[in-house]
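Encoded as structure tokens, the structure appears first; notes follow it.
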Amino acid sequence: MPAQSPRRRTRVVMSPEDRREAILKAAGEVFSTIGFSKATTATVAEAAGIAQGTIYLYFESKEHLLAAVWERYVEALLHITNGILDRGDDWWSTVDSLWAALLEHAVRNAELHRTVYGSSNAKALELCKEINQRVIDVICAYVARGAEAGAFQATAPTMTCRMIYHAVDGLLDDLISQHAEINLPELTAWVHELTHRALTAPTPRVDFANPAS
């Protein structure tokens, strides 16, 4: 059965901010409906109810448009992250709450994940990767401060945090891309266990010049 085309919106007068938001919303619908590779700025413009040239007043290319859709998702992640950090809970409660909230947000936006990571467009993926780094930096800076306060005992807390993040992100990508059924409470418990194991007991240092020592 052929994919249905996104419904075209009636053109209305909007502020530049509202117009940009309307383009992003239409782009998200178009990308999810027919896929990033088949989508064009023309189909996005039609769905948004605007002239095709208007898109280029806001976005350089289709790749930048996808990156902007993803950035809006990441902005929501940052809002969630900063909100939890600002509560001032103890270190471990904060980390556990962060993972629970971020996992829920990711699973709720599974279709966007499939669109972005299934785009097979190197430029778009690179732009999205740069945006992701903002979330990683905030979380890992918090873990580093927790390590300085003695709450976390990993030998290299920032590097450990990055490894945890990428491991979880990779698992989510695998599950979402395969349309696997995700048990969110179970997944959250696994991620909590991984995080606690990684940040609780430092592993022995290895002398890479003399591994046997």
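For the range 130-171, the extents of the C-alpha atoms along the principal axes are 29, 19, 11 Å, listed from largest to smallest. In the P(r) worked out for the range 64-200, what percent of Cα pairs fall beyond 27 Å? It works out to 19 percent of all Cα pairs. Over all other residues within a Cβ to Cβ distance under 14 Å of Gln133, the charged ones net out to -3, with Lys and Arg as +1 and Asp and Glu as -1.
Over all directions, the projected convex hull of the C-alpha atoms in the range 58-136 averages 5.5 nm² in area.
Computed from the coordinates by the stated procedures, all read-outs in this text should not be read as laboratory data. Predicted model, so just to flag it, every value in this text is computed and none were measured. Cβ sites come from the backbone with ideal geometry, for glycine too, and all protein chains shown count toward neighbours.
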